[in-house]
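Chemist: Here you go, one structure.
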Amino acid sequence: MAGVALDEIDIVELYDCYSFTAMITLEDYGFCAKGEGGDWSNFHRGKHVQVYRDAEVLAAGTVDDTMPDGTGVGLIQEKERGSRLFHESEQLRIRKA
């Protein structure tokens, strides 16, 4: 509609009248396939995790915060790489380290 491809978008702000609607909207807009929104909400502050894509570990660190709808996680990265927000629409997966 705006002439912008999905891979050109770095940040999306969505209105979520209910916590699950943000995930559904991301799926509907094509940021991830239907049913692949997933749930990262079980990774709570203080847990050590790895973020990976296609079996390649992209980052590791301690969870600082999670998005209320379970679609993203803020990570304090190891090796003094600072904090970073990871979102599952980036085709990423997360697991306990």
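Chemist: Fewest first, what order do 92, 75, 6 take by the number of other Cβ atoms within 10 Å? Working shown, then result.
Modeler: Working: 92 18, 75 26, 6 11.
Ranked by crowding around the Cβ, least crowded first: 6, 92, 75.
Chemist: Another question, then. Taking other Cβ within 10 Å of each residue's Cβ, how do 65, 54 sort, fewest first?
Modeler: Values: 65 14, 54 8.
With the sparsest Cβ surroundings first, the list reads 54, 65.
Chemist: Still on this model: Can you list the lysines whose alpha carbon is less than 28 Å from that of residue 79, not counting same-chain residues fewer than 8 positions off?
Modeler: Within the straight-line limit of under 28 Å, residue 79 reaches these lysines: 47, 96.
Any read-out appearing in this document is the output of simple, stated calculations on the displayed coordinates, not a laboratory observation. Note that the structure is predicted; figures quoted are calculated from it, not measured. Cβ coordinates were reconstructed from backbone atoms using ideal geometry, including for glycine residues, and neighbour counts include every protein chain displayed.
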